[in-house]
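Student: Could you have a look at this structure, given as structure tokens, before my questions?
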Amino acid sequence: MLHSEDPHYHRAAEHLRERLEGAKIDWVVVSGSGFVGMAGDGPDGLGMTVEGSIPLRGLGLPVPTVAGHGTALVFGTVGKLRVCVQTGRIHPYEGHPINVVTAPLWAMLANGARGVCLTCAVGGLDPALRTGQVVLLKDQMNLFGPTPLVGARFIDMSQLYSPHLRARLQAIDPGLGASSLAEVVYAHARGPQYETPAETAALRTLGGQVVGMSTTYEAILAAAHGAAVCGVGVVTNAASQVGLNHEEVQERTRAAKPQVASLLRGCWRSRLALEACPKGHARKSMPTGACMIEPVRTSRRCDRRERSWRLYRLLERLNPFAHNPMHWRDPQEVDVWITPEVYAELRRAYYEVAGAWFPPDPESGEVVGPEEET
């Protein structure tokens, strides 16, 4: 279970719901150290049309005391997506319990968010990583960190950071000459002190490639809500190097902000930006794709035109990545939620019948338009 009865969670979610006036969020961005200002415009912004904001104090929460962190949730649109940016983190090392630290994210997830991007400043454990480099998180170690889960809530962590979103980000050229982004394992350290050389060596031996003091518990919370998660970090220093300071951390992340913002804008340009809910986290799924495809594919005396239209309409109704609510109602008026895996199987069936991913022509039943890459 989550801290689902915690008053911080419910109060924050309700205050945000009132401020949004019932509108739902598609994507969340949590800003790490030095990433404040990403909700703005310009080369280091997300290109967001800002509709409003709410201070963390307005959610009944404390504000971050760490330099380089904002104090509000800013919401608006990027294209057709509704985005909410948490401009600064509340950290456990500031003396707050985990339910307070994660309350802003919980509020955004409770208001519909299905995609979460966690940005962070990280120290490099892997000697191959260079200072100022942008990395993608592929896994994490939270063995020594806090968790927002309590009780017998056994969440699958095997694909915590969405492989699909990582692939999309890898395919985007941020315009700064980056050929590929290193994918790394994030190790959690409690902080606020930096890691000792012995701790750095231990984390490296355990498989960590970067280290930080946040992020892991937010990824766990997002996964428990069934959201697609991506993590983008900036290597601000080599872990345990002599003379570390927070000013340098902020300077490195500010310099990398244009690249990170460009990556996210490129990811969101796709209408399938949410096509990566972690396997097993859909709210309620059909048992298999075949049980839904079979009645369509074996209908007697069903010509190509009819089969194309029936499959296309079915896919449009079931699409779990559309901007519309991700459910349909069966004849018994029971809400049914499907996973991306089931949707992908239905989509393959449509390809078999129609030959491409475009609506069939109403008269001929032929599919029009160029074929889309699979």
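Student: Select, from Gly79, Gly45, Gly32, the only residue that is surrounded by 21 or more Cβ atoms within 10 Å (Cβ to Cβ) and in contact with a Gly (Cβ under 9 Å, 6 or more places away or on another chain).
Tutor: Gly32
Student: Looking at region 159-167, can you tell me whether even one residue there is more than 18 Å from Gly233 (Cβ to Cβ), under 14 Å from the mean Cα position of the chain (by Cα), surrounded by 15 or more Cβ atoms within 10 Å (Cβ to Cβ) and not β-branched (Val, Ile, Thr)?
Tutor: yes
Student: Right, another one. Can you go through Ala182, Ala222, Ala227, Ala152 and tell me which one is aliphatic (A, V, I, L, M), surrounded by fewer than 17 Cβ atoms within 10 Å (Cβ to Cβ), assigned by TED's automatic domain parsing to the domain that holds Ala110 and touching a residue at least 12 places away in the same chain (Cβ under 8 Å)?
Tutor: Working: Ala182 fails: surrounded by fewer than 17 Cβ atoms within 10 Å (Cβ to Cβ); Ala222 fails: surrounded by fewer than 17 Cβ atoms within 10 Å (Cβ to Cβ); Ala227 fails: surrounded by fewer than 17 Cβ atoms within 10 Å (Cβ to Cβ).
Selected residue: Ala152, the only one of Ala182, Ala222, Ala227, Ala152 that is aliphatic (A, V, I, L, M), surrounded by fewer than 17 Cβ atoms within 10 Å (Cβ to Cβ), assigned by TED's automatic domain parsing to the domain that holds Ala110 and touching a residue at least 12 places away in the same chain (Cβ under 8 Å).
Student: So which residues in region 30-60 are touching a Phe, Trp or Tyr at 6+ places or on another chain (Cβ under 9 Å), within 28 Å of Gly191 (Cβ to Cβ) and free of Cβ contacts under 8 Å to residues at least 60 places away in the same chain, if there are any at all?
Tutor: Once the filter is applied, which keeps residues that are touching a Phe, Trp or Tyr at 6+ places or on another chain (Cβ under 9 Å), within 28 Å of Gly191 (Cβ to Cβ) and free of Cβ contacts under 8 Å to residues at least 60 places away in the same chain, region 30-60 yields Ala39, Ser53, Ile54.
Student: Step by step: first the residues of region 93-144, then only those that are out of contact with any helix residue (DSSP H, G or I) (no Cβ under 6 Å at 6 or more places or on another chain) and aromatic (Phe, Trp, Tyr), then the one that is surrounded by the most Cβ atoms within 10 Å (Cβ to Cβ). Which residue is that?
Tutor: It comes out as Tyr93.
The values are calculated or read from the model by the stated rules, or taken from the named source; none is laboratory data. Keep in mind that what you see is a predicted model, and the values were worked out from it rather than measured. Using ideal geometry, Cβ is built from the backbone for each residue, glycine included, and neighbour counts are taken over all protein chains shown.
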